[in-house]
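Encoded as structure tokens, the structure appears first; notes follow it.
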Amino acid sequence: MTDNFERALQERLLARSQVSPRDVEALRLFARTLPARRSLWRRPAFQWALSAAAVVLAAVIALPLLFRTPGFGTNPSPQPTAVPSQPAPSPSASPLVPVPSSQVPLGIIRLAPASGSVVNVSIDDPDGLLTGALAEPAAPTMSVRWFDALVGEAGPSAIRVTWVGFARDEEVQLDVSRDADGKLVLHFVQQAPPPASDGEGEDRVLVLELAAPIDPANVKVTFDYPA
Amino acid sequence: MEAPVPEELVVAAKRGDREAFSYLVSPHLETALRVARVVAGSPDDGTDAVQDALLSAWQGIGSLREPAAFPAWFRRHVTRSAMKHAKRRGRGRVTELDIEAAAPSDALDRAFAVRELDRAFDRLSTDDRTLLTLRHLWDLPGAEIARHLGIPEGTVKSRVHAAMNRLRAAYEAEERR
């Protein structure tokens with residue numbers, strides 16, 4: 001039996017997995033009668049968010065009007081509405097810490113490596129685990145070794161991934177999935193030196209906004225060479 | 001060689017056409033059910049796993065960018081769903097083969113060998129069972145196995161080899177019992 005062990009296994013797997021045409025037909029019927037998909041507008045979570053936004057908007061509009069109504073509050077005299085012009089406050093967020101926006105469409109993201117090389121990342125996220133992606137300017141260093149990555153928090157439900165690539169133009173593939181343990185798997189397919197050797201590279205940084213918050217410890221980054 | 005996926009069916013399914021979706025998945029259902037039953041560990045769990053995969057594929061088809069990738073994309077849903085069911089079920093539940101029913105007396109040795117192989121296979125981890133099933137039952141290439149399991153393509157061969165060795169060891173342990 002052990003001489004042809006693989007063949008024996010193949011035969012057993014085939015024998016053990018017998019299915020009847022009725023089972024298959026039942027699944028086909030199941031596929032034909034799946035519940036209708038609800039559009040974004042009709043999803044309860046979206047409707048709830050819309051209602052909440054409407055309440056907040058109403059409050060924002062109504063409260064200043066209420067306070068300006070004569071007889072309301074401690075000072076009945078009308079207040080001058082004109083405010084001496086002041087310079088507008090500058091945005092507090094540093095340009096080096098971008099907040100990823102869900103407005104950023106997924107697909108192909110151009111990175112911002114220090115060398116200025118044209119590095120595009122094509123994102124394949126079949127399960128919709130991401131809601132946005134943003135390239136972040138990278139330092140002219142190698143923060144990690146080849147085939148390694150740094151994953152850190154970049155917001156309540158965003159992570160910053162730093163890895164290394166060649167300082168040259170390149171098309172990189174990123175596959176996003178979950179593994180059996182529920183970890184987020186980021187699988188990069190890109191050029192790299194052979195595993196045992198060393199090669200000059202530079203940082204590449206990508207900020208990914210996720211559909212749900214995640215602990216960076218639960219993110220697995222893997223690498224592969226292009227076929 | 002897989003038949004090309006009619007793009008208009010994917011477009012229709014994305015718009016919510018269940019009939020189109022059913023056409024798309026039909027050629028894959030039998031093998032999906034076979035694989036799910038082996039990975040999940042029981043016919044019922046396998047059926048549940050394929051139903052869950054159908055549901056998740058139906059809900060997620062809007063995110064499928066390349067219609068030609070539909071078969072591999074659907075298989076990935078099936079694999080993940082089957083693994084989820086397998087993990088829920090836990091390992092170590094051995095499906096016993098009915099020797100009396102399975103073999104006439106002259107084939108008893110072979111029937112015992114088959115039972116030992118089944119027991120050994122059922123004692124493997126979910127990851128090992130899935131790897132061996134994707135390779136030897138679904139006959140998937142290394143690149144697709146890597147995508148399903150979220151592992152580097154370069155490690156698929158060595159992982160399959162290691163899983164085979166563990167199966168061999170488990171089989172030999174069964175033989176000694």
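Is there a residue being facing chain A (nearest Cβ under 8 Å), crowded, with 19+ Cβ neighbours inside 10 Å and at pLDDT below 85 anywhere in segment B:110-120? Step through it out loud before you land on a result.
Let us first name the residues in segment B:110-120 that are facing chain A (nearest Cβ under 8 Å), namely B:113-114, B:117-118.
Then drop every residue that is not crowded, with 19+ Cβ neighbours inside 10 Å, which leaves B:114, B:117-118.
Keeping just the survivors that are at pLDDT below 85 gives B:114.
Looking through segment B:110-120, at least one residue is facing chain A (nearest Cβ under 8 Å), crowded, with 19+ Cβ neighbours inside 10 Å and at pLDDT below 85.
Across segment B:140-177, which residue is nearest to the chain's Cα centre (by Cα) among those that are outside any helix (DSSP H, G or I) and more than 7 Å from chain A (Cβ to nearest Cβ)?
B:Leu140
Can you name the residue in segment A:2-26 that is surrounded by 16 or more Cβ atoms within 10 Å (Cβ to Cβ) and basic (Lys, Arg) and, of all such residues, is modelled with the highest pLDDT?
Once the filter is applied, the top-ranked residue is A:Arg12.
Per-residue answers, yes or no, for (1) at pLDDT 90 or above; (2) of a type in the set (Lys, Arg); (3) crowded, with 18+ Cβ neighbours inside 10 Å; (4) assigned to a helix (DSSP H, G or I):
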position: B:Ala32; (1), (2), (3), (4): yes, no, yes, yes
position: B:Leu54; (1), (2), (3), (4): yes, no, yes, yes
position: B:Gly60; (1), (2), (3), (4): no, no, no, yes
position: B:Arg91; (1), (2), (3), (4): no, yes, no, no
position: B:Val94; (1), (2), (3), (4): no, no, no, no
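The values are calculated or read from the model by the stated rules, or taken from the named source; none is laboratory data. What you see is a predicted model; the values in this text were computed from it and never measured. Backbone-built Cβ (ideal geometry, glycine too); neighbour counts: all protein chains shown.
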